[in-house]
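See below for the structure under consideration.
The values are calculated or read from the model by the stated rules, or taken from the named source; none is laboratory data. Every value quoted in this text rests on a predicted model; they were computed, and no experiment measured them. Quick reminder, even Gly has a Cβ in these numbers, built from the backbone with ideal geometry, and neighbours come from all protein chains shown.
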Amino acid sequence: MADTRPGAGRRILRWIDYRLPFMALVEHELYEYPTPRNLSYWWNFGSLAGFMLIVMIGTGVFLAMQYTPSSDLAFDSVERIMRDVNYGWLMRYAHANGASMFFAIVYIHLFRGLYYGSYKRPRELVWMLGVIILLLMMATAFMGYVLPWGQMSYWAATVITNLFSAIPLVGHGIVTFLWGGFAVGDPTLHRFYALHYLLPFVIVAVVGLHMIALHTHGSNNPLGIDMKGPQDSIPFHPFYTIKDLFGLSIFLLIYAFFVFYAPNFLGDPQNYIPANPLQTPPDIVPEWYFLPFYAILRSVPDKLLGVIMLFSSILVLFVLPWLDTSPVRSARFRPVYNKVFWLLVIDVLALGYVGAHPPEGTIVTIGRIATFYYFFHFLILFPLIGWFERPRPLPTSIAAAVLGSAPLGAGSPLEKA
């Protein structure tokens, strides 16, 4: 008679799981977790963002072992990593380009949420935690950009931290605190290095809360309707794990292209010059993922108002669930919003273009028009469209729509993935 007793490894896992049900939690949340059966590839970007967070932490820890946070030695330590440390060049390029990949993924993830109404009830906290993650990413990326201590690093730190001086009464005190003195220097670098190392682990904690909130009410889907029974869902594994792995393989090809063939394409050549406080670069431009916000900052002549507009451009996303008055989530069934959404995409791209060029002539005009429309879109159009738009009929269920027995809204490029 065959021995059906579990092996020693299985018995150990059962012993641990009975006392600390970690495996049971993983099996429930990642294996059996019921997921809408109609998720498209636009839902891959959540898992891709998680993958990039792991890559950034892994490569960052490696680089931190070799980096010297000193204004006299920082630039040389980065060059030593590139030239003398085994595979240091790979870790540096994977980390630097990984930041760009991370932001690209998160921005696509955010616009997907805007299109399909993933910020609406009961997922308001999921959305708000996502915006907090974006803010933490921006802070982490800015501080990391300062660490190589090249020309653009130094002057970007000087310009951005000086923005806080526009705050009445306490502004100059905040700037002095950030600098650790009366100019950007060695204390500034130490502070940014410590925070750049710490904040990714804060992001991990917020991502955990983001996932808990997501799994409480389940994922949204392209139809924007809730699951009405087992017929509307499928287990996360193997269906979506395979789909995510396929998306990951495509993404890795793009990521590898930048790391191995165009590692400096997304960077600034000025950062390969050691920081010089006595020589200002001809044009101080942030990384591409900050360009739309930089354009909003420059579009306002008044410094304080520009800073307020800069922070408001992100903070407005927090109240988005209450600005959108439409009862329908997905833009597939919203004929007016379906078109207006793409105006926002064009507007953000225009802001990015403006931020990459000196504020002269037509660029200034385009920047001001694009900045006005950005806030007009969220603060005016969102409520008005919800009040006056007549949505198309929703399917009776996800299963009915998948099987083709329910009417669907007009198609769009986002729906065909």
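For the reader, a short list of remarks on this structure follows.
- Members of segment 327-344 found to be of a type outside the set (A, V, I, L, M, F, W, C) and either touching a Gly at 6+ places or on another chain (Cβ under 9 Å) or in contact (Cβ under 8 Å) with a residue 24 or more places away in the chain (or both), listed by number: PRO327, ARG329, SER330, ARG332, ARG334, PRO335, TYR337, ASN338
- Filtered residues of segment 1-37 (kept if modelled with pLDDT of 75 or more, touching a Pro at 6+ places or on another chain (Cβ under 8 Å) and part of a helix (DSSP H, G or I)): ARG14
- Among (1) surrounded by 13 or more Cβ atoms within 10 Å (Cβ to Cβ); (2) assigned by TED's automatic domain parsing to the domain that holds ALA99 - the single one ILE242 does not satisfy: (1)
- Taking segment 358-398 as the range and being touching a Gly at 6+ places or on another chain (Cβ under 9 Å) and surrounded by 12 or more Cβ atoms within 10 Å (Cβ to Cβ) as the test, the residues that pass are PRO359, GLY367, PRO391, ARG392, LEU394, SER397.
- Failed item, numbered, when LEU291 is tested on (1) within 16 Å of PHE142 (Cβ to Cβ); (2) at pLDDT 95 or above; (3) in the same structural domain as ILE54 (by TED's automatic domain parsing): (3)
Per-residue answers, yes or no, for (1) within 17 Å of SER40 (Cβ to Cβ); (2) not in a helix (DSSP H, G or I):
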{"residue": "LEU209", "(1), (2)": "no, no"}
{"residue": "PRO222", "(1), (2)": "yes, yes"}
{"residue": "ILE225", "(1), (2)": "yes, yes"}
{"residue": "LYS228", "(1), (2)": "no, yes"}
{"residue": "LYS243", "(1), (2)": "yes, no"}
{"residue": "PHE246", "(1), (2)": "yes, no"}
{"residue": "ILE250", "(1), (2)": "yes, no"}
{"residue": "LEU253", "(1), (2)": "no, no"}
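- Matching residues in segment 258-273 - criterion: being more than 21 Å from the chain's Cα centre (by Cα), part of a helix (DSSP H, G or I) and either surrounded by 14 or more Cβ atoms within 10 Å (Cβ to Cβ) or of a type in the set (Phe, Trp, Tyr) (or both): PHE260, GLN270, ASN271, TYR272
- Residues that are of a type in the set (A, V, I, L, M) and over 18 Å from ALA49 (Cα atoms), drawn from segment 90-148: LEU90, MET91, LEU125, MET143, VAL146, LEU147
- If you check PRO122, PRO148 for being modelled with pLDDT of 95 or more and assigned to a loop (DSSP other than H, G, I, E, B), only one passes: PRO148.
- Number of positions in segment 58-81 that are under 24 Å from HIS109 (Cβ atoms) and surrounded by 15 or more Cβ atoms within 10 Å (Cβ to Cβ): 2
- Looking across segment 287-326, the residues that are free of Cβ contacts under 8 Å to residues at least 24 places away in the same chain and either part of a loop (DSSP other than H, G, I, E, B) or under 20 Å from the mean Cα position of the chain (by Cα) (or both) come down to PRO301, ASP302, PHE311, LEU315, VAL319.
- With respect to (1) buried (at least 17 other Cβ atoms within 10 Å of the Cβ); (2) farther than 29 Å from PRO277 by Cα, the lone exception for TRP179 is condition (2).
- Residue that is nearest to VAL146 (Cα to Cα), among those in segment 171-195 that are aliphatic (A, V, I, L, M) and not in a helix (DSSP H, G or I): VAL184
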